[in-house]
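The values are calculated or read from the model by the stated rules, or taken from the named source; none is laboratory data. Every value quoted in this text rests on a predicted model; they were computed, and no experiment measured them. Cβ coordinates were reconstructed from backbone atoms using ideal geometry, including for glycine residues, and neighbour counts include every protein chain displayed. Side chains included, ligands, DNA and RNA excluded: accessible areas come from the protein's heavy atoms. Shrake-Rupley method; radii C 1.70, N 1.55, O 1.52, S 1.80 Å.
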Amino acid sequence: MNIETWFLVIYFIAMAGIGVWTLKIGSKGSEGYLLGGRSLGAAVTALRLQSSSMSGYMFLGAGSLAYTKGYFSLWYAMGYIGGGVLNLSILGRRMRKLSQILGSLTSIEYLEHRYPSKWIRAIAAPVALFCIFFYVMSQFIAGGRGLEMVTGIPYAWALLIAVGVIVFYTFLGGYLAVAYTDFVQAIIMLIGMVWILIGCLQAVGGWTAGNEAVGQINPNLLTMWGPDGIESVQWGVIVGAVLVFSIGYMGWPHVNVSHMAMKRPSVARRASLYATGFNLLFIPAPYIVGIMALILLPTLDNPELAVFEVADTVLPNFAVGIVMAGIMAAIMSTADALLLQSGTIASQDLFQRFFKKDMSDQQSVWVSRFTVLVLAMIGYFVAVNDPPAVAEVVIFSTTVLGAAFVPVYIAAAWWKKANVPGAIWSMIAGTVSSVVWQLTGLVDVTGVDPMGVGIVCSTLALILVSLATQRSHPVPAHVLEALKETDKIGAIPAHMLTGQNDSLAGQVPKDV
């Protein structure tokens with residue numbers, strides 16, 4: 001084996017080891033498996049949230065966008081840089097506190113508890129599961145392609161290895177394994193990407209020389225308007241590009257569960273600082289590398305491999321191994337979160353909620369694990385036979401998730417008049433409008449991104465329907481009381497946790 005492969009082997013063993021290490025906590029019932037005992041501090045919360053939201057897109061999709069669109073691609077980066085602090089500031093403390101008061105173990109269950117109706121979960125769970133499946137499939141594809149390029153192993157076998165390692169530690173340790181592996185993976189991602197950026201800039205003769213060379217290829221690539229110049233700009237697409245990774249991922253269930261797993265609500269404040277620092281260092285790098293790849297790799301056949309190929313071109317062999325571990329870390333940190341969330345939705349939000357309400361904690365954990373295994377197998381076979389473009393799959397999946405769920409998650413913690421009919425119609429409007437806009441080609445016709453359309457439709461539906469149905473469907477008194485308590489900075493009164501299971505009731509925060 002070459003040195004790059006040895007680094008990856010060591011990395012895979014380390015990630016599997018974390019899964020084994022967390023097995024004991026992950027086996028302590030549903031709460032231990034799904035939320036890691038609500039025990040995570042600021043650094044782990046922040047880096048877990050960021051790494052699980054970035055995915056293989058940052059190493060494949062970002063590089064591809066930059067290679068084909070130049071500095072226009074930075075509209076996506078701008079949204080991403082501020083996304084972490086927005087998410088933690090708007091949802092973090094409130095969602096952590098409200099989810100505990102309501103006794104919620106999953107981010108979909110949290111929605112039903114806030115908007116008390118079985119139809120909330122009946123709509124939210126299938127939409128989330130559908131989008132998450134395609135999202136996780138894109139991570140499998142990215143992992144397989146990365147391993148194939150570095151090791152020379154055929155794509156099918158490389159894909160199988162990548163999927164196998166991810167499933168192994170997710171299957172064993174649940175949320176805690178995902179959180180701690182994501183924390184480690186975020187650090188490896190940062191080191192790897194910064195290393196590629198430094199090597200890339202050295203190879204092109206520095207920042208100024210690199211930009212001059214790109215300008216000779218096409219001066220428009222140096223602007224924020226795309227290769228065809230400002231005359232061809234579709235401002236609606238730009239708005240959607242910023243939205244999808246700024247406010248968009250406040251609607252991603254696999255990301256929002258990070259808020260619920262914090263040790264205490266006050267963790268959100270420090271976590272937002274860690275998230276912002278990480279984003280400023282990490283996010284611009286793959287886009288800049290993709291742009292400079294135009295100079296280093298002018299005949300690249302597949303733009304999605306721009307970051308991979310630049311790393312292989314400008315770095316020494318031992319460094320490529322470390323960098324490839326970073327790339328695999330980005331892919332795996334999202335894939336494991338998506339798989340765990342899929343299992344959670346299947347076991348808690350569908351099977352236990354609608355088919356077997358008396359299911360024990362251990363049975364729930366095993367249903368979740370079985371779902372992880374089944375979805376991984378399906379995803380593998382789809383990815384190995386006809387792999388689509390990673391960037392397209394990621395943007396489509398995350399757009400639908402954001403359009404469907406951003407308003408209901410934000411209103412759940414902030415707007416006391418948001419009620420059941422409003423939430424139901426908001427999710428339906430956001431999902432249908434964003435999917436129709438994308439599939440019918442209205443993006444090209446109107447120049448408006450489906451994320452922008454979806455967010456507007458779901459927000460209007462939530463506000464108008466909630467206000468119109470206040471008398472027929474008032475917000476329940478216990479929810480209003482919980483929201484009033486969530487507004488306060490302080491510990492949750494013990495009387496507000498009565499009726500919860502023992503493991504939840506025992507976790508009253510001792511401070512804010």
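Here are the numbers for this structure:
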{"item": "Charge dipole magnitude, Cβ of K and R +1, D and E -1 - region 386-492, Cα centre, debye nearest 20", "result": "580 debye"}
{"item": "Carbon and sulfur %, accessible surface of region 53-139 computed with the full protein complex present, 1.4 Å", "result": "72 percent"}
{"item": "Listed peptides 474-482, 82-90 by packing density, highest first (mean Cβ within 10 Å)", "result": "82-90, 474-482"}
{"item": "Nonlocal amide H pairs with LEU297, under 5 Å, H built at 1.01 Å", "result": "none"}
{"item": "Cross-link pairs beyond the 27 Å C-alpha cut-off, checked among LYS97/LYS357; LYS357/LYS488; LYS356/LYS488; LYS356/LYS484; LYS263/LYS488", "result": "LYS357/LYS488; LYS356/LYS488; LYS356/LYS484"}
{"item": "Sites ALA494 and ASP358, calculated FRET efficiency, Cβ-Cβ separation with R0 35 Å, nearest 0.05", "result": "0.80"}
{"item": "Range of Cα positions in region 95-165 per principal axis (Å), largest first", "result": "52, 23, 15"}
{"item": "Ranked packing of 247-256, 182-191, 368-377, most packed first, by mean Cβ within 10 Å", "result": "247-256, 182-191, 368-377"}
